[in-house]
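Asks: Got a structure for you, written out below as structure tokens; questions coming shortly.
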Amino acid sequence: MLENLRREVYEANIMLPKLSLVNFTWGNVSGIDREKKLFVIKPSGVEYEKLSPENMVVVNLSGEVVEGDLRPSSDTLTHMVLYNEFPNIGGIVHVHSPWATAFAQAGIDIEAFGTTHADVFYGAVPVSDALTKAEIDDAYEENTGKVIVRTFRERNIDPDAVPAVLARQHGPFAWAKTPIKAVEVAKTLEVVAEMNYRVLQLTRADSRVPQYLLDKHYFRKHGKNAYYGQEK
């Protein structure tokens with residue numbers, strides 16, 4: 001079942017250690033088949049060198065395992081909520097990459113300080129609200145997803161234009177049209193987080209780019225008038 005998607009999700013997962021986005025088994029990638037309403041995700045706690053397309057786990061949009069001999073990632077229900085609530089995304093990445101995770105643990109948004117950020121994120125990457133004790137005790141992973149969705153809605157942020165979040169006290173989630181593209185977003189977020197940290201060490205001045213520069217760099221890569229790269 002979903003052999004092509006299993007292969008794609010497998011390939012996206014093994015990119016994580018190659019891009020220095022994970023230590024040990026601290027990360028996962030999933031990808032969804034919207035027509036079949038099923039998604040594929042990394043099995044829980046399995047070392048990346050032991051992964052294969054065959055041991056990826058197929059899950060439905062209620063969080064139930066449909067196919068696979070291994071338990072899915074412990075973050076599966078967070079992925080489930082995001083797929084249900086953000087209908088345009090096709091792949092999700094969760095990692096504990098150190099620079100982005102530092103901002104998540106400090107509770108500080110990653111602001112648009114330069115054009116590297118503006119190429120991918122149309123505005124600040126937000127920190128979600130902290131989970132309450134009741135939310136953690138009741139359904140921790142599912143509520144993590146719900147808090148992310150609530151944060152985007154309360155702050156009026158478009159998840160298609162800002163395809164990442166910093167789960168407070170936890171770490172980043174990123175998404176895109178495909179699992180591979182979602183990994184690229186996660187890596188970009190990590191690079192930008194390191195840049196922002198260094199900027200904040202150098203100055204306390206407001207370093208946010210002006211709106212017109214944010215517009216220029218974001219829309220030259222996204223939307224109907226984009227002109228970056230080659231014609232498809």
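The values are calculated or read from the model by the stated rules, or taken from the named source; none is laboratory data. Computed from a predicted model, the values in this text were never measured in an experiment. Quick reminder, even Gly has a Cβ in these numbers, built from the backbone with ideal geometry, and neighbours come from all protein chains shown. Each accessible area value is taken on the protein alone, full model and side chains, heavy atoms only, with ligands, DNA and RNA left out. Shrake-Rupley method; radii C 1.70, N 1.55, O 1.52, S 1.80 Å.
Asks: With the requirement that a residue be more than 22 Å from the chain's Cα centre (by Cα) and modelled with pLDDT of 95 or more, what does region 178-205 give you?
Replies: Going through region 178-205, the residues more than 22 Å from the chain's Cα centre (by Cα) turn out to be 198-205.
Matches in region 178-205: Arg198, Val199, Leu200, Gln201, Leu202, Thr203, Ala205.
Asks: Go through region 149-179 residue by residue and tally those that are in a helix (DSSP H, G or I) and of a type in the set (Phe, Trp, Tyr). Give the derivation first.
Replies: Filtering region 149-179 for residues in a helix (DSSP H, G or I) gives 149-154, 179.
Narrowing the set further to residues that are of a type in the set (Phe, Trp, Tyr) leaves 152.
Counting residues in region 149-179 that are in a helix (DSSP H, G or I) and of a type in the set (Phe, Trp, Tyr) gives 1.
Asks: Go through region 113-122 and give me each residue that's in a loop (DSSP other than H, G, I, E, B) and open to solvent by less than 10 Å² (accessible area, probe 1.4 Å).
Replies: Residues of region 113-122 in a loop (DSSP other than H, G, I, E, B): 113-114, 119-122.
Scanning region 113-122 gives a single hit, Phe121.
Asks: Pairs please, first residue from region 147-169 and open to solvent by less than 10 Å² (accessible area, probe 1.4 Å), second anywhere and assigned to a loop (DSSP other than H, G, I, E, B) and among the aliphatic types (A, V, I, L, M), Cβ atoms under 7 Å, 6+ apart in sequence or on different chains.
Replies: Val147/Leu131
Asks: For region 134-144, state whether one or more residues are assigned to a helix (DSSP H, G or I), β-branched (Val, Ile, Thr) and at pLDDT 95 or above. Quick ask: steps written out before the conclusion?
Replies: Restricting attention to region 134-144, the residues satisfying the condition of being assigned to a helix (DSSP H, G or I) are 134-144.
With the extra rule that they be β-branched (Val, Ile, Thr), the set shrinks to 136, 144.
Filter once more, so that each one left must be at pLDDT 95 or above: 136, 144.
The answer is yes, given that some residue of region 134-144 is assigned to a helix (DSSP H, G or I), β-branched (Val, Ile, Thr) and at pLDDT 95 or above.
Asks: Next up: Within region 170-179, count every residue that is closer than 28 Å to Asn4 by Cβ and either of a type in the set (Ser, Thr, Tyr) or open to solvent by less than 10 Å² (accessible area, probe 1.4 Å) (or both). Spell out the reasoning first.
Replies: From region 170-179, those closer than 28 Å to Asn4 by Cβ are 172-179; that's our starting set.
Cutting the leftovers down to either of a type in the set (Ser, Thr, Tyr) or open to solvent by less than 10 Å² (accessible area, probe 1.4 Å) (or both) gives us 172-175, 178-179.
Of the residues in region 170-179, 6 are closer than 28 Å to Asn4 by Cβ and either of a type in the set (Ser, Thr, Tyr) or open to solvent by less than 10 Å² (accessible area, probe 1.4 Å) (or both).
Asks: If you check Lys216 against the conditions, is it part of a loop (DSSP other than H, G, I, E, B) and exposed (fewer than 15 other Cβ atoms within 10 Å of the Cβ)?
Replies: no
Yes/no matrix, rows are residues, columns are (1) in contact with an Asp or Glu (Cβ under 9 Å, 6 or more places away or on another chain); (2) crowded, with 16+ Cβ neighbours inside 10 Å:
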position	(1), (2)
Glu35	no, no
Gly45	no, no
Lys50	no, no
Asn55	yes, no
Phe103	yes, yes
Ile110	no, yes
Ala124	yes, yes
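Asks: Sticking with this structure for a sec: Which ones in region 65-111 are in a loop (DSSP other than H, G, I, E, B) and within 19 Å of Arg168 (Cα to Cα)? First the steps, then the outcome.
Replies: Here is the first cut: in region 65-111, the ones in a loop (DSSP other than H, G, I, E, B) are 68-71, 73-75, 86-90, 96-97, 107-109, 111.
Correct list: Ser74, Asp75, His96, Ser97, Gly107, Ile108, Asp109, Glu111.
Asks: Also, quick follow-up: Answer yes or no: is there a residue in region 180-194 that is exposed (fewer than 14 other Cβ atoms within 10 Å of the Cβ), of a type outside the set (Ser, Thr, Tyr) and part of a helix (DSSP H, G or I).
Replies: Restricting attention to region 180-194, the residues satisfying the condition of being exposed (fewer than 14 other Cβ atoms within 10 Å of the Cβ) are none.
The answer is no; no qualifying residue exists.
Asks: Just give me the residues in region 84-106 being among the aromatic types (Phe, Trp, Tyr) and in contact with a Pro (Cβ under 8 Å, 6 or more places away or on another chain), in sequence order.
Replies: Residue satisfying the conditions is Phe86 alone.
Asks: From the list Phe121, Phe113, Phe152, exactly one residue is touching a Lys or Arg at 6+ places or on another chain (Cβ under 8 Å), among the aromatic types (Phe, Trp, Tyr) and closer than 23 Å to Leu214 by Cα. Which is it?
Replies: Values: Phe121 fails: touching a Lys or Arg at 6+ places or on another chain (Cβ under 8 Å); Phe152 fails: touching a Lys or Arg at 6+ places or on another chain (Cβ under 8 Å).
Answer to the check: Phe113.
Asks: Quick test of your reading of the structure: Lys133 fulfils all but one of (1) farther than 28 Å from Glu11 by Cα; (2) open to solvent by 50 Å² or more (accessible area, probe 1.4 Å); (3) touching a His at 6+ places or on another chain (Cβ under 8 Å). Name the failing condition by number.
Replies: (3)
Asks: Could I ask something else about it? If you take the residues of region 78-100 that are out of contact with any Leu (no Cβ under 8 Å at 6 or more places or on another chain) and open to solvent by less than 50 Å² (accessible area, probe 1.4 Å), which of them is nearest to Lys177 (Cα to Cα)? Walk me through it before giving the result.
Replies: If we filter region 78-100 for residues that are out of contact with any Leu (no Cβ under 8 Å at 6 or more places or on another chain), which is where we start, we get 78-79, 81-82, 85-88, 90-91, 94, 96, 98-99.
Of the ones still in play, those that are also open to solvent by less than 50 Å² (accessible area, probe 1.4 Å) are 78-79, 81-82, 86, 90-91, 94.
On the way: Thr78: 17, His79: 14, Val81: 16, Leu82: 13, Phe86: 11, Gly90: 4, Gly91: 6, His94: 15 Å.
By that ranking, first place goes to Gly90.
Asks: Out of region 57-77, which residues are surrounded by 15 or more Cβ atoms within 10 Å (Cβ to Cβ), under 18 Å from the mean Cα position of the chain (by Cα) and in contact (Cβ under 8 Å) with a residue 60 or more places away in the chain?
Replies: If the condition is that a residue be surrounded by 15 or more Cβ atoms within 10 Å (Cβ to Cβ), under 18 Å from the mean Cα position of the chain (by Cα) and in contact (Cβ under 8 Å) with a residue 60 or more places away in the chain, then Asp75, Thr76, Leu77 are the ones that fit.
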